[in-house]
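The values are calculated or read from the model by the stated rules, or taken from the named source; none is laboratory data. Nothing here was measured: the structure is a model prediction, and the numbers come from that model. Positions of Cβ are backbone-derived with ideal geometry, glycine not excepted, and every protein chain shown enters the neighbour counts.
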Amino acid sequence: MCRRVGLFACLVLCASWAAQKYDGPRPPKADVPYLQHADNLIETESGEAREENRRDEIVYIVTGASSPARTPMAEPIFLFLSESIPAEKLALFAMQVRRGNREIAFPQRRKDRGPRPLRLSVRRLEDKLYRIEANQTLENGQYCLSPEGSNKVFCFEVY
């Protein structure tokens with residue numbers, strides 16, 4: 001009898017948790033990640049990375065030495081309203097500052113090791129609304145989120 005009561009209480013608790021609606025801040029624009037600082041949302045810098053072929057690598061370049069979107073959080077949290085970009089397709093990369101621009105270089109040969117995406121966790125809050133978190137501590141520096149197979153970038157700085 002106690003097991004049945006305990007199981008019923010657990011089911012009721014799980015059902016009430018699943019039925020709760022998200023009541024936090026909402027991104028004003030779709031398909032743009034926003035850094036979340038409590039109830040404040042900071043739009044990431046949107047742009048297109050310019051592609052350059054150099055020797056044995058392909059370099060993606062974003063103009064400017066730093067992003068205006070900044071966060072002090074070493075494990076940033078983003079809110080993302082997905083319309084045309086699937087949240088699960090976003091990858092996080094660290095960028096290097098060179099010659100006044102932000103760059104990331106990938107080797108042209110697949111067997112050479114290139115930069116790996118940093119770990120992210122993606123959690124659905126509501127229909128088309130996602131919470132994306134860095135799953136590892138980020139050092140101070142320049143970073144970008146980019147959809148797989150695209151030169152579209154959403155840049156930010158950890159300071």
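With the structure loaded, tell me whether Arg116 is more than 24 Å from Ser84 (Cβ to Cβ), free of Cβ contacts under 8 Å to residues at least 24 places away in the same chain and either among the charged types (D, E, K, R) or exposed (fewer than 12 other Cβ atoms within 10 Å of the Cβ) (or both) or whether it fails that test. Yes: the conditions hold for Arg116. Of everything in segment 100-118 that is part of a loop (DSSP other than H, G, I, E, B) and modelled with pLDDT of 95 or more, the residue that is farthest from Leu79 (Cα to Cα) is Gly100.
Which of the residues that make up segment 127-159 are of a type in the set (A, V, I, L, M, F, W, C), under 18 Å from Glu103 (Cα atoms) and crowded, with 20+ Cβ neighbours inside 10 Å? Correct list: Cys144, Leu145, Val153, Phe154, Cys155, Phe156, Val158. Restricting attention to segment 63-89, the residues that are surrounded by fewer than 20 Cβ atoms within 10 Å (Cβ to Cβ), in a strand (DSSP E or B) and hydroxyl-bearing (Ser, Thr, Tyr) total 1. Evaluating Glu52 against the criteria (1) farther than 18 Å from Ile132 by Cβ; (2) in contact (Cβ under 8 Å) with a residue 60 or more places away in the chain leaves one unmet condition, (2). Condition check: in contact with a strand residue (DSSP E or B) (Cβ under 7 Å, 6 or more places away or on another chain) and either among the β-branched types (Val, Ile, Thr) or on the phi < 0 side of the Ramachandran plot (or both). Does Pro86 satisfy that? So Pro86 fails the test. Between Ser121, Ser146, the distinction of being in a strand (DSSP E or B), under 13 Å from the mean Cα position of the chain (by Cα), free of Cβ contacts under 8 Å to residues at least 24 places away in the same chain and within 23 Å of Lys29 (Cα to Cα) belongs to Ser121 only. For segment 85-118, a residue qualifies if it is hydrophobic (A, V, I, L, M, F, W, C), under 18 Å from the mean Cα position of the chain (by Cα) and under 17 Å from Ile58 (Cα atoms), and the qualifying residues are Phe93, Ala94, Met95, Ile104.
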